[in-house]
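Worksheet: the structure to be examined is printed underneath.
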Amino acid sequence: MTGHSERAHALLSASGSKRWLACTPSARAEGIFMQELEAQGIKEPESPFAEEGTQAHEYSEIILDRELGVITKAQATRRINKFKKEKQYYGPEMEEMVEVYTDFVMERVNAARLETPDALVLIEQRLDFSQWVPNGFGTGDVLLVRDGVLEIIDLKYGKGVAVDAYENPQMKLYALGAITAHDVLYDIQEVHMTIVQPRLDSISTFEMSAEDLYKWANDEVKPKAEMADTGDGDYVPGEHCRFCKIKSTCRARADEALETAKAEFADDGTIDVNTPEPATLTPEELAEILFVVDDIEKWCKDIKAYALDQALSGTTYEGFKLVEGRSNRAITNEPEAVKRLLEKGGVTEDDLYAPRKLESITNLEKKVGKKVFAEILDGVIVKPPGKPVLVTEDDKRPAIQSAESAASDFAEDLLD
Ligand code: SF4
């Protein structure tokens with residue numbers, strides 16, 4: 001078993017595999033960047049979301065150990081009480097979300113045992129896939145091995161980014177580690193990979209044959225991992241840049257953003273030179289620009305945030321200076337201010353305080369728990385239609401049928 005908070009990080013981590021498989025030099029470049037930060041005495045700030053996820057994994061491990069009979073009920077109760085007392089992120093929401101996950105796991109365990117009575121159930125297993133990825137290892141949350149089938153289940157506690165099991169390289173690498181360890185005894189033919197993301201109400205499963213998994217590992221992973229390990233290959237910007245540590249200063253990403261902007265705004269030669277170019281962009285030209293505008297916007301934001309950070313640490317940029325931003329006045333001594341206002345301001349206490357405001361729905365739900373919240377507030381919560389947004393056609397949401405009615409609904413909402 002590996003400690004949740006001690007999950008070590010390899011250069012070519014499974015969680016970063018989508019990135020280093022697409023952009024092989026990124027892993028080494030990130031490593032160099034981190035070394036430079038370390039040399040300057042700058043530590044990467046700990047993420048509260050990572051800590052919250054770690055605690056959710058710890059809690060689910062206690063529950064699964066109890067359900068699987070690894071520990072007695074009395075031992076589990078002691079561990080749960082200790083956990084509740086010590087862990088800052090424990091609350092009704094964590095309890096409920098972990099229950100969704102552990103219920104799913106136990107369902108799968110029972111199904112596996114029905115088919116293979118001595119099915120193997122492993123929790124928090126270190127998985128070694130170094131046969132394909134130098135020093136490659138990871139930790140699988142749940143591993144179920146029955147005759148011919150390997151199942152891997154992973155808990156994703158975050159809710160900021162939806163993670164799907166479909167062709168997910170992290171899950172496939174874990175599956176490789178698991179299959180290597182258990183293939184001999186169970187003759188694994190099929191691999192089922194499931195990601196449970198309870199806070200987004202999402203459970204997704206991707207299935208593939210062991211043969212295809214090995215083919216992917218040998219044909220794609222191995223050569224790319226070798227390149228990534230030595231820092232070879234081309235920098236390839238894309239959606240995977242999102243969590244790259246050098247995304248703000250990456251030259252390839254900057255080049256692509258600037259090139260794309262230039263290309264999209266330049267005349268592509270399709271306009272007839274004899275016809276005067278219209279002063280305004282056509283819907284077709286706007287559509288072309290819309291395709292790339294999000295990426296350019298993200299890059300601009302990253303650049304601005306990084307440059308500000310560096311400027312605050314002493315870097316100067318020619319033509320730029322640091323100034324104080326806009327700020328709001330603040331009362332430093334509230335009781336004294338209230339006293340003076342009441343005595344000399346000609347107002348009453350009612351005039352001084354804003355009316356009490358209900359917490360946000362998200363916060364209330366967190367305090368009460370999702371299930372209870374839905375039960376007790378049934379009928380007093382509505383979800384009005386969202387403000388229309390323009391997205392690419394592959395978006396899963398259904399298209400609004402009538403643009404006219406969407407516009408008038410939205411206008412009515414604004415008037416309400
Ligand atoms: S920002 Fe993108 S292109 Fe640049 S190294 Fe990272 S993953 Fe590669």
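Let me know the shape class of the stretch 315-381, please: from the alpha-carbon gyration tensor, a ≥ b ≥ c as square roots of the eigenvalues, rounded when a/c is under 1.5, otherwise prolate if a/b is greater than b/c, or oblate.
Here the stretch 315-381 falls in the oblate category.
Running Debye on the stretch 88-129 with equal point scatterers at the Cα sites and no solvent, what base-10 log of I(q)/I(0) appears at q = 0.14, 0.22 Å⁻¹?
For the requested q values the scattering log ratios are -0.49, -0.82.
Tell me, what is the percent relative contact order of the stretch 91-197, built from C-alpha pairs under 8 Å that lie six or more residues apart?
Worked out over the stretch 91-197, it gives 26 percent.
Got a sec to turn the phi values of the stretch 315-329 into Karplus ³J(HN,Hα) couplings, 6.51 cos²θ - 1.76 cosθ + 1.60 with θ = phi - 60°, whole Hz, x for Gly and Pro?
Karplus-based 3J(HN,Hα) across the stretch 315-329 equals 6, 10, 10, 4, x, 10, 9, 8, 10, 6, x, 5, 9, 9, 5 Hz.
Would you list, by chain and number, the aspartates and glutamates whose Cα falls below 12 Å from the Cα of LYS159, excluding same-chain residues fewer than 8 positions away?
Excluding near neighbours in sequence, the set is GLU52, ASP201.
Provide the solvent-accessible area of VAL368, counting protein heavy atoms only and rolling a 1.4 Å probe, rounded to the nearest 10 Å².
Surface open to solvent at VAL368 totals about 60 Å².
Express the C-alpha Rg of the stretch 20-178 as a ratio against the empirical globular expectation 2.2 N^0.38 Å, rounded to two decimals.
The value comes to 1.21.
Using only the alpha-carbon atoms of the stretch 343-397, report the extent along each of the three principal axes, biggest first, to the nearest angstrom.
63, 32, 19
Calculate the radius of gyration of the Cα atoms of the chain to one decimal place, then report Dmax, the largest Cα-Cα distance, as a whole number, both in Å.
Rg then Dmax for the chain, in Å: 27.1, 86.
Find me the longest stretch of the chain that has none of the exposed chymotrypsin sites (Phe, Trp or Tyr not before Pro), where exposed means in a DSSP loop (not H, G, I, E or B) with at most 14 other Cβ atoms within 10 Å.
Answer - 1-165.
Taking all protein chains in place and a 1.4 Å probe, what share, in percent, of the accessible surface of the stretch 4-230 do carbon and sulfur account for?
49 percent
If you filter the stretch 31-122 for trypsin sites (Lys or Arg not before Pro), then keep DSSP loop positions with at most 15 other Cβ within 10 Å, what is left?
LYS43
If you filter the stretch 310-357 for trypsin sites (Lys or Arg not before Pro), then keep DSSP loop positions with at most 12 other Cβ within 10 Å, what is left?
For trypsin sites (Lys or Arg not before Pro) across the stretch 310-357 that sit outside H, G, I, E and B with at most 12 neighbouring Cβ atoms in 10 Å, the list reads LYS321, ARG326, ARG329, ARG356, LYS357.
Taking the Cα atoms of the stretch 108-227 alone, what are Rg (to one decimal) and Dmax (as a whole number) in Å?
14.0, 44
Name the most mobile residue of LEU120, LEU322, LEU342, meaning the one with the largest mean-square fluctuation, in a Gaussian network model of the chain with Cα contacts below 10 Å.
LEU342
Report the one residue of LEU144, ASN168, ASN218 whose Cα lies farthest in the direction of the positive end of the charge dipole of the chain (charges on C-beta: Lys and Arg +1, Asp and Glu -1; origin at the Cα centre).
The residue sitting farthest along the positive end of the dipole is LEU144.
Counting only heavy atoms of protein chains, what accessible area per residue, in Å², does the chain have with a probe of 1.4 Å?
Per residue, the chain has 67 Å² of solvent-accessible surface.
What is the dipole size for the chain, taken about its Cα centre, with +1 at each Lys and Arg Cβ and -1 at each Asp and Glu Cβ, in debye to the nearest 20?
Magnitude of the dipole: close to 2080 debye.
Can you give the translational diffusion coefficient of the stretch 301-341 in µm²/s, computed by Stokes-Einstein from the Kirkwood radius over Cα pairs at 37 °C and 0.692 mPa s?
It diffuses with D of about 244 µm²/s by this estimate.
Could you work out the longest stretch of the chain that avoids the GluC sites (Glu not before Pro) located in DSSP loops with at most 14 other Cβ atoms within 10 Å?
In short, 168-317.
Counting each DSSP H run of 4 or more residues in the chain as -39500 (n - 2.57), what helix-only mean residue ellipticity at 222 nm follows after dividing by all residues, to the nearest 500 deg cm²/dmol?
The per-residue figure over the chain is -15500 deg cm²/dmol.
Of LYS87/LYS357; LYS298/LYS321; LYS43/LYS366, which sit over 25 Å apart, Cα to Cα?
LYS87/LYS357; LYS43/LYS366
Over the chain, what is the percentage of antiparallel beta bridges among all DSSP beta bridges, to the nearest 5?
Just about 75 percent of them are antiparallel.
The values are calculated or read from the model by the stated rules, or taken from the named source; none is laboratory data. Just so you know, these numbers come straight off a predicted model, no measurement behind them. In this analysis, Cβ positions are derived from the backbone assuming ideal geometry, glycine residues included, and neighbour counts consider all displayed protein chains. For the accessible areas, the whole protein counts, side chains as well, though only heavy atoms, and no ligand, DNA or RNA atoms are used. Shrake-Rupley method; radii C 1.70, N 1.55, O 1.52, S 1.80 Å.
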